Amino acid sequence: MVYLKHDFIKPDSIEYREYQVNIAKTCLESNTLVVLPTGLGKTVIASLLSRKCKILFLAPTKPLVNQHTAFLKQFLTLDEDEIVIFTGEISPDKRTKLWKETRIIVSTPQVIENDLKN
C-alpha cells in the first residue's frame, strides 16, 4: 500500500489516492467547495491543505462534527488547539475570536448560518 507523504500528515497513516491530491492542488489555486460522496476523502483533501489554508468543515449533525474532528486530530500533526468545533454552546463572540486564531473549524451549517446572519 502506498501512503500519502506530507509534512503535516502522520507517516503511513493515509492511503495515497491521486484524485485527492489533484483536488487539493486545485484548492490551492482559489477558494473551492469540494463536494464528494461519503467515503471519497473530503477530510483527506482538507488535511493536505491544513498548513496553507483556513479550512471550514461542515457536517449536518453534531456526531459527524465530532467524527471529523477526531479524524483530523488523529492523522494530522497540527496542535490540538488548531482544530476547533463550533457549536451553539460556544458564544458568538468566542467563535469570532476562534475564527481568527485557528486553522481548522468543524461545525454544523446551522451554527455558521446563524453567525453570518448576526
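Rule-based calculations on the coordinates, nothing more; no lab input. Bear in mind that the values here come from a model prediction, so they are computed numbers and not experimental data. With ideal geometry, Cβ positions are generated from the backbone for all residues, glycine too; neighbour counts draw on all protein chains shown.
Assorted remarks:
- Members of the stretch 23-72 found to be within 19 Å of Glu101 (Cβ to Cβ), among the basic types (Lys, Arg) and surrounded by 14 or more Cβ atoms within 10 Å (Cβ to Cβ), listed by number: Arg51
- Residue within the stretch 40-50 that is farther than 20 Å from Tyr3 by Cα and more than 11 Å from the chain's Cα centre (by Cα) present: no
- Failed condition for Leu36, given (1) touching a Lys or Arg at 6+ places or on another chain (Cβ under 8 Å); (2) touching a residue at least 24 places away in the same chain (Cβ under 8 Å); (3) of a type in the set (A, V, I, L, M): (2)
Conditions (1) touching a helix residue (DSSP H, G or I) at 6+ places or on another chain (Cβ under 6 Å); (2) free of Cβ contacts under 8 Å to residues at least 24 places away in the same chain, marked per residue:
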site	(1), (2)
Leu58	yes, no
Lys62	no, no
Gln67	no, yes
Phe75	no, no
Thr96	no, yes
Arg103	yes, no
Asn114	no, no
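- Among the criteria (1) surrounded by fewer than 16 Cβ atoms within 10 Å (Cβ to Cβ); (2) under 26 Å from Ile9 (Cα atoms); (3) in contact (Cβ under 8 Å) with a residue 12 or more places away in the chain, the one Gly88 does not fulfil is (2).
- Of all residues in the stretch 1-17, those being within 16 Å of Ala46 (Cβ to Cβ) and in contact with an Asp or Glu (Cβ under 8 Å, 6 or more places away or on another chain) number 1.
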